Structures are given as C-alpha cells and as structure tokens.
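Undergrad: Handing you this structure, nothing more for now.
Computed from the coordinates by the stated procedures, all read-outs in this text should not be read as laboratory data. This is a predicted model, so every value here is computed, not measured. Don't worry about glycine lacking a Cβ; one is built from the backbone with ideal geometry, like all the others, and counts go over all protein chains shown.
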Amino acid sequence: MISLYLQMCVFCQPLIQASSSSLQNSLLHFHLQYYGFNDREVLERVASIFQRLSPLPLMVESESLRFYQPPEIVSGDITTKKAKNIATPEHQNGSHDHSSSPPREKIRIVFVSCLFGGNEPHGQLVLDVIKSLPSRIFESVAVSVGLKLPLPNFIEAVNGKVFSVGRDKEKGREVISSQRPDCVVFVENINNGIMHFLAYERFAPVQILLMGAPITGGIPSIDYFLSGDRLEHPFRTQISGDLSHVEPYSEQVVLFDGQALSFPQNQIHSKQDIGLAAGEAVSSFSLLNDTGMSYDEFNLPLVDGKSLYFCFQSLFKITPVFDSVISKILHGDPHGHFILQASRSSQKNRAAKERIKAFIIDDACQGSSGICESAKDVLSRIHFIPRVKSDQLQMLFQRATVALHPFPFDGSKTASDILGSDVPLVIFPQRYLKGRLAETFYASMAMHEIDSEVAASKCCVANDIGDYISKVLRLGTDPQYRNRVASAIHKRKSRIYDDRETSFEWALFLTRSLGVSITREELALEMEFSPTDWQTEQFHQKVIQSQQSRWKRKKIEQFILSQ
C-alpha cells in the first residue's frame, strides 16, 4: 500500500498536467481492481494525491450550480421539495447569471461515460433505465467522452440529447455544466483519465457512480454508489462500528432490490471491421507451436467430440491465480481444449502466453529439465483466439461446451451473452461486487424450480476453487447433465433481460434522493410496473437467505479443514 502511494506521487504529476488526448488512456491504477482486494483505501489515497499535486483545484463547484433551483414539477400531484440557492448572486464573478434562466418542469439527469459508443456494455447497462424513467418527471441527457458514437437506439432513448465531447476534457466540463443537471450519473470512473477528473467537479446536487467499473471512486464529490442487495457480500449490512474500516465504498452505497442490473435482450450492433475487433491478434495460436490442428472460421480448433472450455474475457482479468485452474481442468479432462480470448496487443498476448506456459511446465514437470510430455500435452490444448465482432458473439459462444468466468473479477455483460446462448456458465462469487456480478442472473432464473438437480448451487455457482473445477469438469464430461442445465437456462433466460424492476428501483431512488413527493405505489402506477413472481419481496428474501447459508457453510468447511 505505501509502495503504491509513493509510486503514485512520482507518476501522477505528469498525468494531471497532461493534455486531454493523453488523459484518454487508462489511469495508472486501473488494473489494481482485477486482483480482488478492497480498493477503497488505495483509491482514496490516489484521489488525495491528485488533489494535492494538481496545479489547479480539482474539487470545484460548477458555475451552473451556484444558482441551482430544483425544477417545479407541476403535472398531476407531484411536486419537488424546495431547495435554497447553493450560492448568492454576489459570487457570480462576472459569469452568466443562470438564476435568470426559466424554471424547468422536469428533473434533468445527465449520464456521462466514455463507453456509450458502439456496442460497449456501459451504454447498454443504462439503456433500459433511460427508456423506462417516467418522462413526466425526468428528462435524460447523455454526454459521451471519446470517439465512439452511441448507436441510434441509445440516441432515441434520450430523445436525441447526446453530446459527444471527444477527447476534450474542458468541453466535457462546459457541456455538463450547461445542462444545469439535477443529477449527474458517472457510469464509470477509472477507465479513462478524462472521466476520472470530470468526477472531481461538483456539477449537480446529487452525483452518482454506477458499476460500469464495479469499484468505489474514492472521490469526495460523488455522493452515491449504486449496487444491489444480492450483488454485495451477503453479510455486508453488518459492516459498521468496529468493522467500518472494511467498508469497500467511500460513497453512500445504495442497494437495489432484485437483479439490480439489466441488459436489453434485443441488441443493435454497429458495423465493425474484423481487423479492428481483433487488433494484432489475427489468427489463433496455442501455447505449443506446430500442433498440426485445423481451425474453423472463428479460429477454434476442429476437435469433434471434444469439450471446449471457454473463458472469453479480457486477458487482464486472467490473473496468475487462474493459471492453476486451467491446468487442473485440462488434466481432469485429457481430451478437452481451453479457449482464451486474445488481446488486441501482441505484447500482452506474449506476456500472458509466457506466464501461463511457465506455470504449466513447472506444475506438470516438477522441476525436470526441458518440457515433459505431460506439459506438452496440456500446452497443445490451450488456444488463444482473436476477438470477434459483437454480432458474432452468440454464434461463437454456442460452440462452447462450458463457459467459465474468471475470478476474482468476473463480468456482467459477457455473462448475459453466454446465458443467452444457452451455455452453462460456471462462476465463483467473491467477497466484493467486482466478483459477484454474474450470480444475480442465476438468482433470477431460479433453475431449481425446473429441476432440483440443476439448481445453480449444484451446477454452476461454486463455493471454492476445488468446487469450481469439479463443476466445470462435470459439465464438460457428462453430456447428459450438461444438456439438462442448458435446457433449464433456455427456459428461464428471458427473465434476466429488460428487467423492469431494475428500472423501477432506479426511479424510486432518484425520486427520493431528489425530493420528488411520490409514493412507491404511485411511481409503480406511473411506470406501469407490477412485480412478477421472481420480483417479489418474498423471492428476494429467499435469495439472500440462500446466499447467507452458502457463505456460512463455506466458512465452516474452511474452519474444519484448517484444524
């Protein structure tokens, strides 16, 4: 921790003074989130360093906020609470007098992201929410950072109110401020330098960080972090008093009921060039040269009758702890093949290849000189295939026998895509949100109601690494059982898409945090929302109780084994 703190002191001064184009790159501490730790202390220290070293104040208040007045919602019986001006007119300093602007009749929510464009998942994460927020109460605006433009369905959802600011941080500040927002939602914070530094400014009375990057921001100007009750540690409500130091959020965390995140089932795909999608990885490669194998149009090995174990995530999510998992699975299934997604960067591919190869050789050969036959066999069955265009993902995933989510950092959009392809997905939920995203989909599907033998806890949701490997191998080597699981997924997968309860939870929180006088029942009527069988309070309670029971069982087993 101290080492990181000192390194940041050395490196963040040039970053703060960098041009907007330089800020387009990832931040220095971006990859820390992929190792599964509580990142709050590090991120708070980084924010503190940036504030100290910046030549200009980072924690500033937008001009438009100085004369903020809440909108007067006059339709029906809905009214907002009155709020006083943030500052008095004498603090104008010659700037435009926003206090003379005509009052608005709707609450304005400004969504900001560097990943709205194309088929990026962050835009799809909020698409259903934006479409579902009551138009009588809310109006939504999108500010897109970077060069990718949002797709037509996203532009339509915000009624054309999309502002693309490219790689210009100052333009981003001006556009957000000019909208006089009542609330700003930063969909992610750490993926991009421009996004990160925009979040230091106070643009609105309420500022929210979403789970686009599922970790805290550590920035004082962010008020809330939106998560879900079943997305967090099953006993997180006990984190208080003497345990407050283990709280992973610097913001006030808001726990939605139900699934808490959702993606559209029917997706529009932008035109993509396969070369752009794949980058420098133009063809498949294994960890052993000259395997003599043939490959199909997706660069998958043509191995009829053999199981294909897919872990199709960005390579930086495949940490060294996962190398042993790959090795054990391929030793457990001597005919299986393991498929990884290559990076667009040949340098990153080379680093991952060398690391995994070194582990496999050391694990299989036990210190003997050279590469033993056992290692050669395993290495020949690990394949890196190029990234594909988004409209080809479902066809690709349907080739998988089993899909694996890595840990300690899993994923949400990829999980929904895999399950949408009727492919069993094995996960190992971790302590923090970044390793718990996929589990919420299995909770919604409640596959045990169809077949008790394919309950998620039996087929797909692991309690530890050994259990994870066992579940993968059973699905990979028992075709009949694998098909039962796939059938249950097929019957229930429609539940996880276009989740209206998630949108309702958003609207409920926004009305409360922004002082709109409307009851839960009135809001449900306004949104025409009626809970389904899997969206009732009773259903949610059973999910949480199941998570808590599994966590307790895991801890008891660990204690017994340690004695």
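Undergrad: Among the listed pairs LYS328/LYS554; LYS161/LYS389; LYS169/LYS389, give every one whose C-alpha distance is greater than 24 Å. All intermediate terms of the calculation are to be shown ahead of the outcome.
TA: On the way: LYS328/LYS554 21 Å; LYS161/LYS389 28 Å; LYS169/LYS389 30 Å.
Beyond 24 Å: LYS161/LYS389; LYS169/LYS389.
Undergrad: Another question, then. In whole percent, what relative contact order does the range 274-496 give with Cα contacts below 8 Å and a gap of six or more residues?
TA: Rounded, it is 22 percent for the range 274-496.
Undergrad: Same structure again: Once you charge only the Cβ atoms, +1 for Lys and Arg and -1 for Asp and Glu, what is the size of the charge dipole of the range 274-496 about its Cα centre, to the nearest 20 debye? Please list the in-between numbers first.
TA: On the way: 27 positive and 23 negative charges, 127 e Å.
Magnitude of the dipole: close to 600 debye.
Undergrad: Go ahead and run the numbers for FRET between VAL321 and TYR295, Cβ-Cβ distance against an R0 of 35 Å, rounding to 0.05. It would help to have the intermediate numbers written out before the result.
TA: Numbers: r = 29 Å, r/R0 = 0.83.
After rounding to 0.05, the efficiency reads 0.75.
Undergrad: Using the Cβ atoms and a cut-off under 11 Å, what net charge is assigned to the surroundings of ILE130, where Lys and Arg are +1 and Asp and Glu are -1?
TA: So the environment of ILE130 carries a net charge of -1.
Undergrad: Another one. What is the distance, in nm, between label points placed 7 Å from the Cα along the Cα-to-Cβ direction at TRP551 and at GLU170?
TA: 4.8
Undergrad: Let me ask something else. Each label point is 7 Å from the Cα along the Cα-to-Cβ direction; what then is the distance between the points at MET395 and LEU53, in nm?
TA: Placing both labels 7 Å along Cα→Cβ, they lie 4.8 nm apart.
Undergrad: Return the FRET efficiency for the residue pair TYR35, VAL303: r is the Cβ-Cβ distance, R0 is 45 Å, and the value is rounded to the nearest 0.05. Walk me through the numbers on the way to the answer.
TA: Values: r = 33 Å, r/R0 = 0.74.
That gives a FRET efficiency of 0.85.
Undergrad: Please arrange SER294, SER140 by counting, for each residue, the other beta carbons lying within 10 Å of its beta carbon, fewest first.
TA: Working: SER294 8, SER140 22.
Lowest to highest Cβ neighbour count: SER294, SER140.
Undergrad: Could you check how many percent of all C-alpha pairs in the range 274-496 are farther apart than 27 Å?
TA: Numbers: 7221 of 24753 pairs.
Cα-Cα pairs of the range 274-496 separated by over 27 Å account for 29 percent.
Undergrad: Can I ask one more? Cα-Cα over 28 Å: which of LYS348/LYS491; LYS357/LYS555; LYS131/LYS493? Don't skip to the answer; put the middle values down first.
TA: Working: LYS348/LYS491 39 Å; LYS357/LYS555 33 Å; LYS131/LYS493 22 Å.
Flagged as over cut-off: LYS348/LYS491; LYS357/LYS555.
Undergrad: Got a sec? Which residues in the range 289-318 would a label at ARG355 touch, if it sits 7 Å along Cα→Cβ and we count backbone N under 17 Å?
TA: Residues 311-318 fall inside that zone.
Undergrad: Please report the net charge: other residues with Cβ closer than 13 Å to the Cβ of LEU115, K and R +1, D and E -1. Write out the running numbers ahead of the final one.
TA: Working: positive: LYS148, LYS413; negative: GLU120, GLU188.
Within the 13 Å Cβ shell, the charges total 0.
Undergrad: Convert each backbone phi in the range 441-448 into a coupling constant with the Karplus relation 6.51 cos²θ - 1.76 cosθ + 1.60 (shift: θ = phi - 60°), then list the ³J(HN,Hα) values in order as whole Hz, x for Gly and Pro.
TA: Going residue by residue, I get 5, 5, 4, 5, 6, 6, 5, 5 Hz, with x marking Gly and Pro.
Undergrad: What is the spin-label model distance, in nm, from SER314 to THR532 if the labels are put 7 Å beyond Cα along the C-beta direction?
TA: The modelled label-to-label distance comes out at 3.1 nm.
Undergrad: Pick out, from SER294, ASN463, ALA446, the residue whose Cα sits farthest towards the positive end of the charge dipole of the range 274-496, with +1 on the Cβ of Lys and Arg and -1 on the Cβ of Asp and Glu.
TA: ALA446
Undergrad: Over what distance in Å are the Cα centres of the range 330-371 and the range 480-508 separated?
TA: So the separation of the two Cα centres works out to 34 Å.
Undergrad: Next question. Please give me the summed charge of the neighbours of ALA524: other residues whose Cβ is under 12 Å from its Cβ, Lys and Arg +1, Asp and Glu -1.
TA: Working: positive: ARG500, ARG520; negative: GLU501, GLU505, GLU521, GLU522, GLU526, GLU528.
Every neighbour counted, the sum reads -4.
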